[in-house]
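Q: Below are the structure tokens for one structure; questions will follow.
The values are calculated or read from the model by the stated rules, or taken from the named source; none is laboratory data. All of these numbers come straight from a predicted model, not from anything done at the bench. We place every Cβ from the backbone using ideal geometry, glycine too, and count neighbours over all the protein chains shown.
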Amino acid sequence: MSFANEVINKLFGSSSNKANTSNEKLVLDSGQIKRSEKELKEYQKWSDQYSSDLLFELKQNALFSKKNLTNHLNFVWLNRSTANGFQLDLLNLKTPLGNTWYLAEIIKQKIIDLGYMVTHAEYADYSENDKLCRKEWLYLKTPHRMRIGTPPFNQLYGNIQLESIQKDTMKFKLLATTYSDRNYNSPLPFDDLVDAIFY
């Protein structure tokens, strides 16, 4: 495992949905995310009422955290040469949030609007320390057509992973990993991605 991967795993955790080798974590169910019509209607109703308030609250807390001011969502930032991201705690949100995946859904759509597509949408339900937990991952990449022809290819902001965790805590993570070889142009600045998501 590379040093960068070790740092990412320590800060953001492993993206694997397999059970931990310890006896404390047991995967109960896993697979592709499929939302029911009822779930999507409930999400749309929530989004119409609260999504702009939520994004404003997140934007404020992101700015506060970058200036080392108090932010009640406990933003943690990752800044490496080939990986950038953030993690935040959703328990202290002032804006009502029905499910952690609501935030992932909002951000997913904003990233799709930037020219990305969802390549994987997975979940894992598991038991950890006698508590039921759920983790969901969304993977977004640039469309395949952007990697056809003669390099260097445009990687935009890199490959993006969204992760929502619902257990005794509610967390959300975003990680953008980029290519550093000559087959790809330099990625766009991560701060521009953050601006595009929260504004």
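Q: Given the criterion among the hydroxyl-bearing types (Ser, Thr, Tyr) and modelled with pLDDT of 95 or more, identify the matching residue among SER65, SER51, SER15, SER22.
A: Going through SER65, SER51, SER15, SER22 in turn, just one is among the hydroxyl-bearing types (Ser, Thr, Tyr) and modelled with pLDDT of 95 or more: SER51.
Q: Against the conditions (1) closer than 20 Å to LYS135 by Cα; (2) among the acidic types (Asp, Glu); (3) at pLDDT below 95, where does GLU39 fall short? Just the number, please.
A: (3)
Q: Let me ask something else about it. Being polar (S, T, N, Q) and over 23 Å from LEU156 (Cβ atoms) is the filter here, so list the residues in region 65-103 that pass it.
A: Keep residues of region 65-103 that are polar (S, T, N, Q), which gives 65, 68, 70-71, 74, 79, 81-82, 84, 87, 92, 95, 99-100.
Matches in region 65-103: SER65, ASN68, THR70, ASN71, ASN74, ASN92, THR95, ASN99, THR100.
Q: Within the group LEU73, LEU54, LEU58, which residue is assigned to a loop (DSSP other than H, G, I, E, B), within 18 Å of the chain's Cα centre (by Cα), surrounded by 12 or more Cβ atoms within 10 Å (Cβ to Cβ) and aliphatic (A, V, I, L, M)?
A: Working: LEU54 fails: assigned to a loop (DSSP other than H, G, I, E, B); LEU58 fails: assigned to a loop (DSSP other than H, G, I, E, B).
Being assigned to a loop (DSSP other than H, G, I, E, B), within 18 Å of the chain's Cα centre (by Cα), surrounded by 12 or more Cβ atoms within 10 Å (Cβ to Cβ) and aliphatic (A, V, I, L, M) holds for just one of LEU73, LEU54, LEU58, which is LEU73.
Q: Something else now. Could you say whether any residue in region 184-191 is assigned to a strand (DSSP E or B) and over 23 Å from GLU57 (Cα atoms)?
A: So far as region 184-191 goes, yes, one or more of its residues are assigned to a strand (DSSP E or B) and over 23 Å from GLU57 (Cα atoms).
Q: Does at least one position in region 43-58 carry a residue that is of a type in the set (Gly, Ala, Ser), in contact (Cβ under 8 Å) with a residue 24 or more places away in the chain and within 20 Å of GLN161 (Cβ to Cβ)?
A: Checking region 43-58: not a single residue is of a type in the set (Gly, Ala, Ser), in contact (Cβ under 8 Å) with a residue 24 or more places away in the chain and within 20 Å of GLN161 (Cβ to Cβ).
Q: So, one more: Any residue at all in region 122-134 that's in a loop (DSSP other than H, G, I, E, B) and under 22 Å from SER186 (Cβ atoms)?
A: No, every residue in region 122-134 fails to be in a loop (DSSP other than H, G, I, E, B) and under 22 Å from SER186 (Cβ atoms).
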